[in-house]
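One structure is given below, encoded as C-alpha cells.
The values are calculated or read from the model by the stated rules, or taken from the named source; none is laboratory data. Since the structure is predicted, the reported quantities are computational estimates derived from the model, not experimental observations. Here the Cβ positions follow ideal geometry from the backbone for every residue, glycine too, while neighbour counts run over all protein chains shown. Accessible surface is based on the protein model in full, side chains and every heavy atom, while ligands, DNA and RNA are left aside. Shrake-Rupley method; radii C 1.70, N 1.55, O 1.52, S 1.80 Å.
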Amino acid sequence: MHVDLYSDGASRGNPGPGGYGSILRFVDSKGGVHEREFSQGYRCTTNNRMELLGAIVALEALKRPCHVTLYSDSQYLVNAFNQHWVDGWLKRGWKNSQKQPVKNSDLWKRMLKAKEQGKIAHIGVTAHKLEVAFECVESGLYETLQYPLSYLASDRELELVALCEQRNVGFIAMKGLAGGLLTNAHACMAFMTQ
C-alpha cells in the first residue's frame, strides 16, 4: 500500500507559539481517495519541533507497514535523512558532529520508531528562491520539488520546470494565488494544468 504524507510545522518566535498540520492520503484500488488530517497547537515550542512532530504524528497513525512518500519543506527533517545526519547521530550515541547532544532527540527517536511502521520512499523539498530550487534539483538528493509558480512565471522559472522533467524530479506548483497578486483563478488554473 502506498501513502502520501504532507506535513508542515512552524512557530512564531523560536521558541514561541506554534503548531503543525499533516495529511495522510491513500488512493484505494477502485480510485477512491482517503485522507486523514492531523493538527495541534502549542503555547511554547520551536519551528523544528513542529516540523518533526507533524511528520511523526502522521507516521504513528499508520495501522500497518506501507510505502510512504513524505513531503516536507523542512531542511532539518529532509537533510537528517537525505544527508544521513541521523546515521551519524546514532553512531555517536545521539551526539552531533561537534560532540554536543542532538537537539530534539526525543522527537528523533519517536520519528525512527514511527518510521519502522512504513518505508519512507523519499522526502521532498520546498524552495522559495529560484536559485536554491535549481540547486536542489541538480543535487540529485530529492525526488520532488515544491515551488511557488503561477501564470506570471518568468522564463527562468519555466526552465526550472523543464529541468525537473529532464531529471525525473516531481514538481509541485504551489501558491498559484498567493499574496493577493494573482486574482484571476481561471487563468491560474489554466496555466497550472498545461
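Do the conditions hold for Tyr42, that is, is it within 12 Å of Ser7 (Cα to Cα) and open to solvent by 10 Å² or more (accessible area, probe 1.4 Å)?
Details: within 12 Å of Ser7 (Cα to Cα): no; open to solvent by 10 Å² or more (accessible area, probe 1.4 Å): yes.
Taking the combined requirement at face value, the residue does not satisfy it.
Take the residues in region 13-39 that are of a type in the set (Ser, Thr, Tyr) and open to solvent by 60 Å² or more (accessible area, probe 1.4 Å), then tell me which one is nearest to Leu112 (Cα to Cα).
Among them, the one singled out is Ser39.
Looking at region 47-59, is at least one residue more than 16 Å from Ser11 (Cβ to Cβ), open to solvent by 50 Å² or more (accessible area, probe 1.4 Å) and not small (Gly, Ala, Ser)?
So far as region 47-59 goes, no, none of its residues is more than 16 Å from Ser11 (Cβ to Cβ), open to solvent by 50 Å² or more (accessible area, probe 1.4 Å) and not small (Gly, Ala, Ser).
Residue by residue through region 55-80, note down the ones that are outside any loop (DSSP other than H, G, I, E, B) and within 21 Å of Met174 (Cβ to Cβ). Step through it out loud before you land on a result.
Here is the first cut: in region 55-80, the ones outside any loop (DSSP other than H, G, I, E, B) are 55-60, 66-72, 75-80.
Ala55, Ala58, Val68, Thr69, Leu70, Tyr71, Ser72, Gln75, Tyr76, Leu77, Val78, Asn79 - these are the residues of region 55-80 that are outside any loop (DSSP other than H, G, I, E, B) and within 21 Å of Met174 (Cβ to Cβ).
Assess whether Gly19 counts as being under 20 Å from Ile172 (Cα atoms) and touching a Phe, Trp or Tyr at 6+ places or on another chain (Cβ under 7 Å).
Values: under 20 Å from Ile172 (Cα atoms): no; touching a Phe, Trp or Tyr at 6+ places or on another chain (Cβ under 7 Å): yes.
No, not satisfied.
Every residue in region 88-105 that is touching a helix residue (DSSP H, G or I) at 6+ places or on another chain (Cβ under 9 Å) and either of a type in the set (D, E, K, R) or open to solvent by 80 Å² or more (accessible area, probe 1.4 Å) (or both), please.
Here is the first cut: in region 88-105, the residues touching a helix residue (DSSP H, G or I) at 6+ places or on another chain (Cβ under 9 Å) are 89-90, 94-97, 102-105.
Matches in region 88-105: Leu90, Lys95, Ser97, Lys103.
Consider only pairs whose beta carbons are under 6 Å apart and that are at least six residues apart or on different chains; among these, list those whose first residue lies in region 150-172 and is β-branched (Val, Ile, Thr) and at pLDDT below 90 and whose second residue is in a strand (DSSP E or B) and open to solvent by less than 40 Å² (accessible area, probe 1.4 Å).
Every condition considered, the pairs that remain are Val169/Leu145.
Taking region 145-167 as the region of interest, how many residues are more than 21 Å from the chain's Cα centre (by Cα) and open to solvent by 80 Å² or more (accessible area, probe 1.4 Å)? Steps first, please.
Taking region 145-167 and keeping what is more than 21 Å from the chain's Cα centre (by Cα), we get 151-156, 158-159, 162, 166.
Going one step further and asking which of them are open to solvent by 80 Å² or more (accessible area, probe 1.4 Å), we end up with 151-152, 155-156, 159, 166.
Residues flagged as more than 21 Å from the chain's Cα centre (by Cα) and open to solvent by 80 Å² or more (accessible area, probe 1.4 Å) within region 145-167 amount to 6.
Quick grid of which residues meet (1) closer than 21 Å to Ala80 by Cα; (2) more than 13 Å from the chain's Cα centre (by Cα); (3) not in a helix (DSSP H, G or I):
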site	(1), (2), (3)
Ser22	yes, no, yes
Phe26	no, yes, yes
Glu37	no, yes, yes
Gly41	no, yes, yes
Asn48	yes, no, no
Leu53	yes, no, no
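Would you confirm, using the coordinates I've provided, whether Val132 is of a type in the set (Val, Ile, Thr), modelled with pLDDT under 70 and under 17 Å from the mean Cα position of the chain (by Cα)? Walk me through how you get there before you give the answer.
Numbers: of a type in the set (Val, Ile, Thr): yes; modelled with pLDDT under 70: no; under 17 Å from the mean Cα position of the chain (by Cα): yes.
Answer is no for this residue.
Would you mind stating whether Glu131 is acidic (Asp, Glu), in a helix (DSSP H, G or I) and surrounded by 15 or more Cβ atoms within 10 Å (Cβ to Cβ)?
Details: acidic (Asp, Glu): yes; in a helix (DSSP H, G or I): yes; surrounded by 15 or more Cβ atoms within 10 Å (Cβ to Cβ): no.
Criteria not met by Glu131.
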